[in-house]
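See structure below.
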Amino acid sequence: MELSTSVQYIKGVGPKTAQRFAKLGVETAGQLLELYPRDYVDYSRPYPVASAPYEGSCVVKATVYSKQGEVRVKGGKRMCKVLAGDETAMLELVWFNNPYTAEKLEIGAEYLFFGRVGGNFGKRQMIAPVVQPATGGQPLTAVYPQTEGLHSAYIARCVAAVLEGLQGQIPDPLPPDILHRYRLPGKAQALAAIHRPQTMDQVKAARRRLIYEELLTLQLGILLLRSRGRKGDAAAIRAADLEPFFASLPFSPTDAQRRASGEILSDMSHSRPMNRLLQGDVGSGKTLVAAAAVYAASRAGFQSALMAPTEILATQHAATLQKLLAPFGVEVALLTGGMRAAARRQTLAAIADGRAQLVVGTHAVLSEGVEFSNLALAITDEQHRFGVRQRQLLAAKARSPHLLVMSATPIPRTLALLLYGELDISVLDQLPPGRQPVKTLAITGKKRGDMFGFLDKQIAAGRQVYFVCPLIEESEGAAGEMQSATAYLEQTVQPLLPGRRIGLMHGRLKPKEKQAVMDAFKAGELDALVSTTVIEVGVDVPNATVMVIENAERYGLSALHQLRGRVGRGGGESWCILVSDHQSEAVRQRLQFLCHTSDGFAIARYDLENRGPGDFFGKRQHGLPALKLADLMTDTRTLQAAQQDAADLLAADPRLDSWPALADQVQRLFEQNTAMN
Ligand code: ADP
Ligand code: MG
């Protein structure tokens, strides 16, 4: 047997069961060994019958007293009963349609039974327990994730057969000095221990090793991807003097903005293409840094492109950048899907002959038919909607442009390294001076009336309000979203804000209609805007000072923080009101944390610790392979070590020639996850 042997050839597995294994993602012997137990049953400390807990499953030690022959019960099932017990109490054991287990039990012998104790105090009962002899059995047995037709004990037997068949043939992908440095068990030993341990300490050591290996493999893959992405020749842009640009601004840039701009210019001055992530909290002024990069490119005679996830954002960026760059004669072209053919043709011509020095648009900028004259810098905004794949598509667009990715969600550094490991990172860790934190409060629906009184006063004072309407189930789709938004507008907002001008924004609107609503809101022709969560992240309406979020408990804190970032953009006092009727203690604490914190990084960390990485690792946010054992919340130290070691390994041996088993494993990981390619 080899690691690549099909599971079908494992003893006791046929084509049918092989199909079931395939459903678990297991097609080879090697993959079976990576089907890790999700728990263990500890047979070493059994309960006496009388003290066996009624909740959950447990192991009980008991002697078999008598057996009752098989009987038919209603439903046509055949039932076997065995009476067992110890000096503390009796225990009835029952099996349906399985005479074999009971047959093998010997009267007068002692066994360990694993199962759920049911019945009542008069009669304790276990249905279909797993049986082991009282002595000489496995002290710990693995519990596997089950699917239809593959139960845990069966999987355990198949794993045992593979471990047996592969003896001495499992290569260790980890370099010996790493094993030595962290005192990790070898691969074969770790696999044996995680599947068939003698003690929980062995499991712990095995997990430590396998988690490290998993994270190292992942990190190596990301770094290799990065070196692949870095091939090719970019335009070396002589670093421009940014002072004239900075001096033209109505304010002075923050130190963080200066530092990030410097890092970007320095990257761009090399012919090796830049791959940089610009991270910063909402409102930290990422647009300005992007403008500085565009300025530098245009000084050197090169074109830039900026992509936003929606047309509204693209339109807004075009206007902002136009204003910032106009003093330097930089021509900005906006390219949207909704353009008329003639206008589009003109714009495309201006892009092709180089007159348009900055092209702003949605993903459409990536589409065919857009030919640049000399594109040297590509920027994407609100990174979380751009996958690795899109980044690569962009990189392939022209002759390797420098790439700058701007992220809206601040994330802790270790995570950023994992998610964007192929990118270098600049952080804006400073907000422009004079920002007042957005006053944030959490209320229940009972206070909604009071809230509307407050909102009406704000509107009377000339301010504007955003409403994020109640969430609906994703399955209800855009139509459900529209209904929910409409219902909220008509049944709640309009009656409680009589006579006010209220706009409605939802996913069913055409881009033109969305733009019209947004323009009206920006121009102050609307007092309030009711929106579904499609509310355009990144919109900048300084006069809007209140953000109301219904169903606040349904969002991650980072998402709430993003939404909150839509207000507090002007000089005035602003508010974010989180409305939630489902205030469990946990929800209350979470929302309170947001009320008292305005640091996006701290909020992201809190989310990570309390909700897990799901919010960051939601499907559409990345194309990373799923982790089998590692947990990014608890394994951060291992992750850090693996990140460092991966970098060191590649620095010494860029193609991992000395570590073929490791190189192989990286290769396989990324083959299984084509999203990354
Ligand atoms: P984000 O990082 O969320 O994209 P923006 O680039 O939209 O932030 O900037 C938020 C607001 O802050 C904008 O109105 C912008 O004009 C303003 N701004 C940016 N940099 C500074 C600065 N150094 N001083 C004062 N205001 C600034
Ligand atoms: Mg922005």
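The values are calculated or read from the model by the stated rules, or taken from the named source; none is laboratory data. Just so you know, these numbers come straight off a predicted model, no measurement behind them. Neighbour counts run over all protein chains shown; Cβ positions are idealised from the backbone, glycine included.
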> From the set of residues in region 398-415 that are in a loop (DSSP other than H, G, I, E, B) and more than 13 Å from ligand 2 (Cβ to nearest atom), which is modelled with the highest pLDDT?
Replying inline: 401
> Quick one: what pairs do we get from region 311-338, first residue closer than 18 Å to residue 380 by Cβ and aliphatic (A, V, I, L, M), second assigned to a strand (DSSP E or B) and within 15 Å of ligand 1 (Cβ to nearest atom), C-beta under 6 Å, 6+ apart or different chains?
Replying inline: 314/360; 318/360; 334/360
>> Looking at region 80-95 only, could you name the residues that are surrounded by 13 or more Cβ atoms within 10 Å (Cβ to Cβ) and either more than 12 Å from residue 68 (Cα to Cα) or in contact with a helix residue (DSSP H, G or I) (Cβ under 7 Å, 6 or more places away or on another chain) (or both)?
In response: 80, 82, 85, 86, 88, 89, 90, 91, 95
>> Quick test of your reading of the structure: residue 313 fulfils all but one of (1) within 16 Å of ligand 2 (Cβ to nearest atom); (2) touching a helix residue (DSSP H, G or I) at 6+ places or on another chain (Cβ under 9 Å). Name the failing condition by number.
In response: (2)
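Being at pLDDT 95 or above, out of contact with any Ser or Thr (no Cβ under 9 Å at 6 or more places or on another chain) and either within 30 Å of residue 36 (Cβ to Cβ) or within 13 Å of ligand 1 (Cβ to nearest atom) (or both): is that true of residue 220 here?
Taking the combined requirement at face value, the residue does not satisfy it.
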> Could we say that residue 440 is under 29 Å from the mean Cα position of the chain (by Cα) and at pLDDT 95 or above here?
Replying inline: yes
> Just checking, how many residues over region 229-260 are assigned to a helix (DSSP H, G or I) and crowded, with 19+ Cβ neighbours inside 10 Å?
Replying inline: 5
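Name the strands (runs of 3 or more DSSP E) wholly within region 424-468 that hold at least 1 residues that are surrounded by 14 or more Cβ atoms within 10 Å (Cβ to Cβ), touching a residue at least 60 places away in the same chain (Cβ under 8 Å) and within 15 Å of ligand 1 (Cβ to nearest atom)?
Ranges flagged: 424-428.
Give 546, 587 a once-over and let me know the one that is surrounded by 23 or more Cβ atoms within 10 Å (Cβ to Cβ) and either part of a loop (DSSP other than H, G, I, E, B) or touching a residue at least 24 places away in the same chain (Cβ under 8 Å) (or both).
546
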> Which of the residues spanning region 598-636 are part of a helix (DSSP H, G or I), surrounded by fewer than 14 Cβ atoms within 10 Å (Cβ to Cβ) and at pLDDT 60 or above?
Replying inline: 609
> Looking at region 20-58, which of its residues are within 31 Å of the chain's Cα centre (by Cα), surrounded by fewer than 13 Cβ atoms within 10 Å (Cβ to Cβ) and part of a helix (DSSP H, G or I)?
Replying inline: 23
>> I'm checking my understanding of the structure. Among residues of region 296-313 that are of a type outside the set (S, T, N, Q) and modelled with pLDDT under 90, which one is farthest from residue 332 (Cα to Cα)?
In response: 309
> Hey, among 278, 265, 288, 321, which residue is closer than 22 Å to residue 354 by Cα, surrounded by 21 or more Cβ atoms within 10 Å (Cβ to Cβ), among the hydrophobic types (A, V, I, L, M, F, W, C) and within 11 Å of ligand 1 (Cβ to nearest atom)?
Replying inline: 321
>> Being modelled with pLDDT of 85 or more and either among the charged types (D, E, K, R) or assigned to a loop (DSSP other than H, G, I, E, B) (or both) is the filter here; which residues of region 555-583 pass it?
In response: 564, 565, 566, 567, 573, 574, 580, 581
> From the list 591, 563, which residue is within 19 Å of residue 282 (Cβ to Cβ), within 16 Å of ligand 2 (Cβ to nearest atom), out of contact with any Gly (no Cβ under 7 Å at 6 or more places or on another chain) and not β-branched (Val, Ile, Thr)?
Replying inline: 563
>> Looking only at residues that are touching a Ser or Thr at 6+ places or on another chain (Cβ under 8 Å) and more than 12 Å from ligand 2 (Cβ to nearest atom) in region 270-295, which one is nearest to residue 558 (Cα to Cα)?
In response: 277
